[in-house]
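The values are calculated or read from the model by the stated rules, or taken from the named source; none is laboratory data. Given the structure is predicted, the values throughout are model-derived calculations rather than measurements. Here the Cβ is made from the backbone with ideal geometry for all residues, glycine too, and neighbour counts use every protein chain on show.
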Amino acid sequence: MEQVLGKYLPERAVNSCMELIKVNAVHLKIVNERVTRHGDYRRLSNGKHLITVNATLNKYRFLITLVHEIAHLVAFEKYGRRIKPHGIEWKRTFQVLMLPLLRPEIFPSKLLPLLALHFKNPKASSSTDARLSIALQQFDKQQTDKTYVFQLPFGSVFRIYNGKFFRKGNKKVKRFECVEIKTGKVYLFQPNAEVELINS
């Protein structure tokens, strides 16, 4: 397992993650990319703990995702199954598990200030923290020709991963209102949503 983890994690984080996996009796499954999620945790009917993480994530996002999912397991075991999945108990657990890993031997120095800010109040997904998400994407294995919603000019048309087309509208607080071309329905997009520009 250590050799496998070495392919997906920063080298100096492997031992700590192996310990978390052993202590919490995690069955870790590394899976092909899922567009809608980086990872997930499930307690199986036989009582075992299954965590899946996308194989395509860069090492730093893989580490954050793995600890995020282990935090679900630990929080549910400690506080019971009735807590909110991303409530205060999970946030505290995630902070405690992640803190020993926020070191310059593990993360690049330019990520550390963004991570420190993120972990003051961790979000349900690192992707909803636009600044951190964009900084993490610099380390992706495959650089794509996609762009981000916040970079597009107002009124431009773009396509998302499932082939649907949208026109970019105004910013509402933190997210952009975008109209689906086919249906006329309005959807809210995170500023760091990856899209393909069709025309501006």
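Is it true that ALA124 is under 16 Å from the mean Cα position of the chain (by Cα) and either farther than 26 Å from LEU5 by Cβ or without any contact (Cβ under 8 Å) to a residue 12 or more places away in the chain (or both)? Spell out how you get there, then give the answer.
Values: under 16 Å from the mean Cα position of the chain (by Cα): yes; either farther than 26 Å from LEU5 by Cβ or without any contact (Cβ under 8 Å) to a residue 12 or more places away in the chain (or both): no.
It is false that ALA124 is under 16 Å from the mean Cα position of the chain (by Cα) and either farther than 26 Å from LEU5 by Cβ or without any contact (Cβ under 8 Å) to a residue 12 or more places away in the chain (or both).
What do you reckon, is GLY184 among the small types (Gly, Ala, Ser), touching a Lys or Arg at 6+ places or on another chain (Cβ under 7 Å) and either surrounded by fewer than 16 Cβ atoms within 10 Å (Cβ to Cβ) or in the same structural domain as GLN95 (by TED's automatic domain parsing) (or both)? Before you say what the answer is, go through the steps one by one.
On the way: among the small types (Gly, Ala, Ser): yes; touching a Lys or Arg at 6+ places or on another chain (Cβ under 7 Å): no; either surrounded by fewer than 16 Cβ atoms within 10 Å (Cβ to Cβ) or in the same structural domain as GLN95 (by TED's automatic domain parsing) (or both): yes.
Here the answer is no, as GLY184 does not meet what is asked.
Given the condition under 19 Å from GLN137 (Cα atoms) and out of contact with any Phe, Trp or Tyr (no Cβ under 9 Å at 6 or more places or on another chain), answer yes or no: does some residue in region 63-80 qualify?
Looking for residues that are under 19 Å from GLN137 (Cα atoms) and out of contact with any Phe, Trp or Tyr (no Cβ under 9 Å at 6 or more places or on another chain), one finds at least one in region 63-80, hence yes.
Within region 112-126, can one find any residue that is touching a Ser or Thr at 6+ places or on another chain (Cβ under 9 Å), part of a helix (DSSP H, G or I) and surrounded by fewer than 17 Cβ atoms within 10 Å (Cβ to Cβ)?
no
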